[in-house]
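Single-structure report; data block below.
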Amino acid sequence: MTRIAFVGGGNMARSLIGGLLKTGFAAGDIRVAEPNAEARQSLGREFGVTCYAENALAIADVDVILLAVKPQIMPMIRDELHDTLQRNRPLLISIAAGVRLDQLERWFGSQLPIVRCMPNTPSLIGAGATGLCANKHVSTPQKALAQHILDAAGITRWVDDEALMDTVTAISGSAPAYFFALVEALEDAAAAQGLPRETARALAAQTCLGAGRMLVESGEAPGTLRQRVTSPNGTTQAALESFQADGLARITARAVAAATQRGAALAAELDHGAPSK
């Protein structure tokens, strides 16, 4: 059995732990390092996993270490993890947004097998979308293991060029917020025309859910589905023409570019003042 340790017991770790238990992982093979006592107790009660206050205790003698902490925490935990990682050389998986493979190698060891991934918040309900990339030290079985772990929270896709991980962040990691903003706008627009806000929200949310399911389950291109529901000179065409006139595609492209650039900038900021060894 594979032994896995989570460094950080927040929402993303909880979603992955819950998913792993459903796929057959034994609770006894999962450890969590979490400094907050209340969170440790909650994780133990809900999942039956062993929790530690100290990172060093959680990561001893495991096969996989999953770093589920915020990017700015990475340099801070480096000294706690470095020696154990160098001695045991487990698979290291990072879900920290914007943290590059070369940064992880510099902090934790250049010869370690490391997978960088970018899950998104729908992972919390098992409907996530995660991009992954690996350094040259990750073996084929380790890639399969990393994918299995992240598959517990939704779908996964490998990205060969790490430079594209910032784009992955922009179209899946950050994109749930774009969706929520669209539903907000639909709700506000309908309410402005007199529809009760609660009704507007329910209809907009369910419609977006249904459209998303159609897109995923049909396997057809979004353009095909869009054309199928657009009758000539009908209401849908009128709305789409308004979107086009206001530059929806251009606005979206600018937003994705902004998120991509910010992801690269966040990684660059971590380079300043980070300890080296």
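Expressed as an acute angle from 0 to 90° and rounded to the nearest 10, what is the orientation of the C-alpha long axis of helix 197-218 relative to the principal long axis of the chain?
70 degrees
Please name which of Leu21, Pro176, Leu132 has its Cα lying farthest along the dipole of the chain towards the positive end, using unit charges on Cβ (Lys, Arg +1; Asp, Glu -1) and the Cα centre as origin.
My answer, from the dipole projection, is Leu21.
Fewest to most neighbouring Cβ within 10 Å: what's the order for Glu105, Glu46?
In order of increasing Cβ crowding within 10 Å: Glu46, Glu105.
Mind ordering 212-223, 117-128, 261-272 by average Cβ neighbours within 10 Å, highest first?
117-128, 261-272, 212-223
Given axes a ≥ b ≥ c from the Cα gyration tensor, I'd like to know whether segment 173-264 is rounded (a/c under 1.5), prolate (a/b larger than b/c) or oblate.
It is rounded, given that a/c, with a ≥ b ≥ c, falls under 1.5.
How would segment 1-155 be classified by its alpha-carbon gyration tensor: rounded, prolate or oblate, with rounded meaning a/c under 1.5 and the a/b versus b/c comparison settling the rest?
Since a/c stays below 1.5, the shape of segment 1-155 is classed as rounded.
May I ask for the net charge around Arg262, where only other residues with Cβ less than 13 Å from the Cβ of Arg262 are counted and Lys, Arg are +1 while Asp, Glu are -1?
Spelling it out: positives minus negatives among the neighbours equals -1.
Relative to the longest principal axis of the C-alpha atoms of the chain, give the angle of the C-alpha long axis of helix 37-47, reported between 0 and 90° and rounded to the nearest 10°.
80 degrees
Roughly how many Å is it from the Cα centre of segment 70-133 to that of segment 237-267, as a whole number?
Using only Cα atoms to place each centre, the spacing works out to 29 Å.
In degrees from 0 to 90, rounded to the nearest 10, what is the angle of the helix 175-192 Cα long axis to the longest principal axis of the chain?
Roughly 30 degrees, rounded to the nearest 10.
Sort Leu240, Leu91 so the one with the fewest other Cβ atoms within 10 Å of its own Cβ comes first.
Least to most surrounded, the residues fall as Leu240, Leu91.
Return Trp107, Trp158 ranked ascending by Cβ neighbour count within 10 Å, so the fewest neighbours appear first.
Trp158, Trp107
With +1 on each Lys and Arg Cβ and -1 on each Asp and Glu Cβ, how big is the dipole of the chain about its Cα centre, in debye rounded to the nearest 20?
Result for the chain is approximately 240 debye, rounded to the nearest 20.
Readers should treat all values here as calculations from the given coordinates under stated rules, not as data from a laboratory. Quick caveat, the model's predicted, so the values are computed rather than measured. As a convention, Cβ positions derive from the backbone with ideal geometry for all residues, glycine included, and neighbour counts pool all protein chains shown.
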